[in-house]
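The values are calculated or read from the model by the stated rules, or taken from the named source; none is laboratory data. These figures come from a predicted structure and were not determined experimentally. Positions of Cβ are generated from backbone atoms using ideal geometry, with glycine treated the same way; all protein chains shown enter the neighbour counts. Side chains are part of the model used for accessible areas, which takes the heavy atoms of the whole protein and leaves out ligands, DNA and RNA. Shrake-Rupley method; radii C 1.70, N 1.55, O 1.52, S 1.80 Å.
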Amino acid sequence: MQPADAGKQLKGFIAKFEPKHQALIRAARKTLRERFPTAIELVYDNYNFFVIGYGPTERPSDSIISIAAAANGVGLCFIRGASLPDPAKILQGSGKQTRFVRLPSADILTQPEIQTLLTLAADRTKTPMPAQGKGKLIIRSISAKQRPRRKPQRNKASAIEANH
């Protein structure tokens, strides 16, 4: 697939979300691209989540962080977050490996605690990010069946009836 085609597909995936989530996904992606300019972006438009993973190679197991989005919001996942020091206790989740931070806005990505976690995640990876070059965008999978990317809209008539 040509890079322009991948970019066009990515725009289509993001367009499935509510406008506020679209803006948040784009802003988070921009911030992470600036932070990790040589990273490979691996995109998954799966059943449960839309995910953009960032890593030094095309191998998913080398990814260090990802943006994960669903109808109820957007988060930043630290793939090996369970092993990261988190003195501010901002990482959520209880799995053996991954931890995440909800992103109510892209401003969260500029907070010192998040910046520290991003640095630690990059420093602790087995395969470091390339020192030079430019990252690329790869569409890894698209599920034919997906959960809705937007919350169901309440019918105005039923909302009025519910209030009376």
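Amide H contacts under 5 Å for Ala39: Gly135, restricted to partners 5 or more places along the chain or on a different chain, H placed in the peptide plane at 1.01 Å from N.
Within 10 Å of each candidate Cβ there may be at most 10 other Cβ atoms; applying that plus a DSSP loop requirement, which trypsin sites (Lys or Arg not before Pro) in the range 1-94 survive? List each step's numbers first, then the result.
Working: sites: Lys8, Lys11, Lys16, Lys20, Arg26, Arg29, Lys30, Arg33, Arg35, Arg80, Lys89; in loops: Lys16, Arg80, Lys89.
Passing both the DSSP loop test and the Cβ count: Lys89.
Per-residue 3J(HN,Hα) values for the range 123-128, derived from phi via the Karplus relation 6.51 cos²θ - 1.76 cosθ + 1.60 with θ = phi - 60°, read 5, 8, 6, 5, 10, x Hz in sequence order (x marks Gly and Pro). Carbon-plus-sulfur accessible fraction, the chain (probe radius 1.4 Å, protein heavy atoms only): 54%. The ratio of the alpha-carbon radius of gyration of the range 12-164 to the globular-protein estimate 2.2 N^0.38 Å is 1.14. Rolling a 1.4 angstrom probe over the protein heavy atoms with all chains in place gives the range 1-79 an accessible area of 42 Å² per residue.
Between Val74 and Leu103, the built amide H atoms are under 5 Å apart, and every one of these is 5 or more places off in sequence or on another chain.
Among the listed pairs Lys96/Lys136; Lys8/Lys136; Lys96/Lys126; Lys8/Lys30, a Cα-Cα separation exceeding 25 Å is found for Lys96/Lys136. Calculated [222 nm] ellipticity per residue, helices only, for the chain: -9500 deg cm²/dmol; basis is -39500 (n - 2.57) per DSSP H run with n ≥ 4, divided by all residues, nearest 500. Note on the range 61-138: Kirkwood hydrodynamic radius from all Cα pairs is 13.4 Å, rounded to one decimal.
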